[in-house]
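For reference, the structure is listed below as structure tokens.
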Amino acid sequence: MTAHKQTWLDALHHASRQLREAGIEAPLRDARLLLSEVLGADSARLILMETDPVSEAELDRFSEMVTRRAAGEPVSRIKGRREFYGREFQVGPGVLDPRPDTEVLVDACLARLPRGGRLLDLGAGSGCILLSVLAERSDASGVGIDISETALAIAQTNAQDICPGERVAFYLADWTRRDWTDCVSGSAFDIVVSNPPYIPSADIADLGRDVRSFDPLLALDGGRDGLDAYRRIVSAAPGLVCPGGWLIFEVGIGQAGDVTALVAAAGFSDLGALRDLTGRRRAVIGRRPESRG
Ligand SMILES: C[S@@+](CC[C@H](N)C(=O)[O-])C[C@H]1O[C@@H](n2cnc3c(N)ncnc32)[C@H](O)[C@@H]1O
């Protein structure tokens, strides 16, 4: 009798069991995603390959990925890529894994950016917001700012893939410093957009393991009430947004009212909140009034 050769279907079931025992929410889905990655096969092709015998090198790679997932690492981080607004962005340690809810900011920018418009993205991270807008709008240009050199390096790499050329620049700056706007001095932008860190410091410990252990603290911690970054950015915003231009913020759960009040106090009008895919108020917008006379 010939011994049963292990197939990919066997490996998939084994991985799925391992992930379920580790408390992963959708074990079979995640095991399939990782196997697709290892075999370079889409989901349709994966089904055709399931009865193929495994190769040792590929099985080792798959097992290593499954072990990482079992330890809570998100699939996107294991793959090193995340789809956002229909494009693939590289992600890595030191940069926030872009979230689907943030796509509402891209829509908000696209709806308000004038022809030939200029966009400033504060806390650009992987560059997902800025680069998605510029990829949709070949007439537009923009600048991304971040305090993290690691994030900026990933944003630059993403720019080469998604928006190569001169339309985008990234600068290292820290909005807690008095001189932080020097890198864009003299410029006013049609839109200033930001998804800043907004989790209240005391809530960080309660975040899910996939966030707490793998997203950088710098991208999450919004200070005591979660609003530190909004205060900093809003105080500089009148000098960064051109008359008639827009300030667009992502906000955390329950923060829309407080952030709207900050934006209003800085003299912005046409205030509003935009909802994400789950119906939550996810973005706050305000317009700098046109100058009179
Ligand atoms: C929530 S992440 C957003 C990343 C990306 N825009 C996105 O939506 O996926 C916030 C970003 O703000 C950056 N950041 C945090 N503090 C900063 C500061 N003081 N000055 C500039 N950037 C800062 C972080 O490094 C991080 O990349």
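Taken together, the values in this text are just the output of simple stated rules run on the coordinates, not laboratory data. Since this is a predicted model, take the numbers as computed values, not measurements. Please note: Cβ atoms are built from the backbone with ideal geometry, for glycine as well, and neighbour counts cover all protein chains shown.
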Placed amide H near Arg81: partners under 5 Å, 5+ positions off or other chain: Val91
So which trypsin sites (Lys or Arg not before Pro) in the range 133-213 are both in a DSSP loop and have at most 14 other Cβ atoms within 10 Å of their Cβ? Arg177, Arg178
Convert each backbone phi in the range 114-128 into a coupling constant with the Karplus relation 6.51 cos²θ - 1.76 cosθ + 1.60 (shift: θ = phi - 60°), then list the ³J(HN,Hα) values in order as whole Hz, x for Gly and Pro. x, 4, x, x, 10, 10, 10, 10, 9, x, 5, x, 5, x, 4
Please determine, in degrees from 0 to 90 and to the nearest 10, the orientation of helix 228-240 with respect to the longest principal axis defined by the Cα atoms of the chain, where the helix direction is its Cα long axis. 50 degrees
Could you work out the Rg to Rh ratio of the chain, with Rh taken as the Kirkwood radius (inverse of the mean 1/r over all Cα pairs)? 1.05
Max mean-square fluctuation residue, GNM over the chain, Cα-Cα springs under 10 Å, options Gly245, Gly279, Gly223: Gly279
Which values of log₁₀ I(q)/I(0), to two decimal places, follow from the Debye formula for the range 60-128 at q = 0.18 Å⁻¹ with a uniform point scatterer at every Cα? -0.77
To test your reading of the geometry: what angle, between 0 and 90 degrees and rounded to tens, separates the Cα axis of helix 27-39 from the longest principal axis of the chain? 90 degrees
Taking every DSSP bridge whose two residues both lie in the chain, the antiparallel percent to the nearest 5 is 45 percent
Between 0 and 90°, nearest 10: helix 256-265 axis offset from the chain longest Cα axis: 30 degrees
